[in-house]
Amino acid sequence: MTLPEGIYRPDEVASFKRIFDAYYDGIRNFIYFKTGDIDLAEDLVQDVFLKVWDMRAKIEESTVKSLLFIMANNLLKNHFKHKKVVFNFVNNTEKEETGEPADYVYEEQEFEKKLQVVLAEIPEKQRTVFLMNRIDNLSYKEIAERLDLSVKAVEKRMHQALLIIKEKIKYKI
Amino acid sequence: MGEFDDILKNNPDFGDDRELKKFLSDMEKLKVPAKKSKEDAWSELTAGIEQRKTPEFPTIRLKPVFYAAAASVLILISSWFIYNYLKNTTVSVPFGETANIILPDQSKVTLNSGSSIEYRKWGFANDRSVNLQGEAFFDVTKGSRFTVLTNNKSIEVLGTLFNVFSRGNMFRVQCISGAIKVDIPGEKEIVLEKNKGLKFDADTNEPEIVSVDTATAVSWINGEFYFESVPVSDVLKEIERQFDVTIQTKNIGDRVYTGYFRNDSLESALQNVCLPMSLHYEINGKTVKIW
């Protein structure tokens, strides 16, 4: 399960594991936010970390963050599929054993429908920043660091995303 | 998210939009539909790494073969300049001297007496490979893989400072800083970190990992030679190299010596080694007798 000592340098493996623990979710989700394809996201995140391992002699742990996202973007460019972007987020809350009241279920379905339509309308750049903030709960500063943007740029994209959402939810499907 | 709420509150575009607020709060409970747990992902990743048999580096060769191709080109091109540039560069250090070399990639090598190093200048930056006979201390710059080939073993450099000793059947490597990978045919590769060394004696055929006292390990660069439980005959061989003398011995037995000598005076070096071992010595020009 772990890379055996004597063949792999222990300090390198430890450093690599730290980077993995810190950014695995973030990278996978980032790819998911861009594509809506969880299988692709889980595949590409592996490729990103394999690349990091291969290049470990040239990489510093303290500055690896934005490099990871750049690599993810580059890998995505090679995998570009003209597929319609569809999201299937799962609900975090515990479902009660007993069946939910009918109107709760209806409301949920309505929300899911709305979500699909809305998210599909938000351009990729704004959508990615928006989801990183809302789903991953990252601060603007953190998003800025990961994507190598200014905080102002992040704020602008959030603002744009919200404007679109506000418009789109006005018109009930 | 304080800053997010600010956008909603302070911005006239959104301030009182209850629908927007509801939508956003409904999003609170969503998460990405991951199929793999983080632990499983890590297992898959490490399995993928281990499967890469020899990653960025090709298998290490014991005897370099690229010289043959270069040699046939030499015959066709008679220009001395190109000949000089393509052939291997060899630096040999006779007995009684040490030498400092700077390789084309700015790596530094200090050669001990009676040692030689061979490498190809052309394309060195892309394939940093040197052939060593004897003993040398390496200070390697960052860059592509750096390989030290000896008649005994091969070393791949992951770090920067290390000392290699390869004479006859004896092989020793000490890692002073960084890490190095030693390739032993028939066995797995061994990674040595700072302050660790590897000893290999063809008699025992077992590699032994030892701790290294870095202060004494490379003191030979400063002309000081430390020994701990080393066969006297090996110590005397080093004296031969350092002073360019021939030592004839009679009945000295096969005891081990612990101590040191400096290479600035043959007389004191012989005293340091012989007296503790109750041995006599006699200097006759370039020959020394010990009994």
Selected residue [without any contact (Cβ under 8 Å) to a residue 40 or more places away in the chain, under 20 Å from residue B:19 (Cα atoms) and not hydrophobic (A, V, I, L, M, F, W, C)] from A:112, A:155:
A:112
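Okay, residues lined up against (1) within 12 Å of chain B (Cβ to nearest Cβ); (2) touching a Phe, Trp or Tyr at 6+ places or on another chain (Cβ under 8 Å); (3) at pLDDT below 80:
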{"position": "A:13", "(1), (2), (3)": "yes, no, no"}
{"position": "A:38", "(1), (2), (3)": "yes, yes, no"}
{"position": "A:45", "(1), (2), (3)": "yes, yes, no"}
{"position": "A:52", "(1), (2), (3)": "yes, yes, no"}
{"position": "A:56", "(1), (2), (3)": "yes, yes, no"}
{"position": "A:62", "(1), (2), (3)": "no, no, no"}
{"position": "A:81", "(1), (2), (3)": "no, no, yes"}
{"position": "A:88", "(1), (2), (3)": "yes, no, no"}
{"position": "A:95", "(1), (2), (3)": "yes, no, yes"}
Residue, surrounded by the fewest Cβ atoms within 10 Å (Cβ to Cβ), within the stretch A:156-169, restricted to residues that are more than 7 Å from chain B (Cβ to nearest Cβ) and either among the charged types (D, E, K, R) or within 18 Å of the chain's Cα centre (by Cα) (or both)
A:167
Within the stretch B:34-41, can one find any residue that is within 27 Å of residue A:88 (Cβ to Cβ), more than 7 Å from chain A (Cβ to nearest Cβ) and modelled with pLDDT under 90?
no
Could you say which residue among A:131, A:147 is at pLDDT 80 or above and more than 11 Å from chain B (Cβ to nearest Cβ)?
A:147
Quick one: how many residues across the stretch A:134-144 are facing chain B (nearest Cβ under 9 Å), in a helix (DSSP H, G or I) and either touching a strand residue (DSSP E or B) at 6+ places or on another chain (Cβ under 6 Å) or under 24 Å from residue B:34 (Cβ atoms) (or both)?
1
Residue B:103 vs. criteria away from chain A (no Cβ under 14 Å), under 26 Å from residue B:146 (Cβ atoms), modelled with pLDDT of 60 or more and surrounded by 13 or more Cβ atoms within 10 Å (Cβ to Cβ):
yes
I need every pair where a residue in the stretch B:203-230 that is within 21 Å of residue B:266 (Cα to Cα) has its Cβ under 7 Å from the Cβ of a residue that is at pLDDT 80 or above and among the basic types (Lys, Arg), sequence separation at least 6 or different chains.
B:223/B:262; B:224/B:262
Take residues that are modelled with pLDDT under 90, in contact with a Ser or Thr (Cβ under 9 Å, 6 or more places away or on another chain) and of a type outside the set (Gly, Ala, Ser) and tell me which of the strands (runs of 3 or more DSSP E) falling wholly in the stretch B:202-269 contain 3 or more.
B:224-231, B:256-262
Among the residues of the stretch A:37-45, are any in contact with an Asp or Glu (Cβ under 8 Å, 6 or more places away or on another chain), within 18 Å of residue B:48 (Cα to Cα) and either part of a helix (DSSP H, G or I) or free of Cβ contacts under 8 Å to residues at least 60 places away in the same chain (or both)?
no
In the set B:19, B:28, B:50, which member is modelled with pLDDT of 65 or more, outside any loop (DSSP other than H, G, I, E, B) and closer than 29 Å to residue A:15 by Cβ?
B:50
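Quick check on this structure: which one of A:105, A:118 is closer than 14 Å to residue B:26 by Cα and away from every other protein chain (no Cβ under 12 Å)?
On the way: A:118 fails: away from every other protein chain (no Cβ under 12 Å).
Answer to the selection: A:105.
The values are calculated or read from the model by the stated rules, or taken from the named source; none is laboratory data. Just so it is clear, the structure is predicted and the values come from calculations on it, not from any experiment. Here the Cβ is made from the backbone with ideal geometry for all residues, glycine too, and neighbour counts use every protein chain on show.
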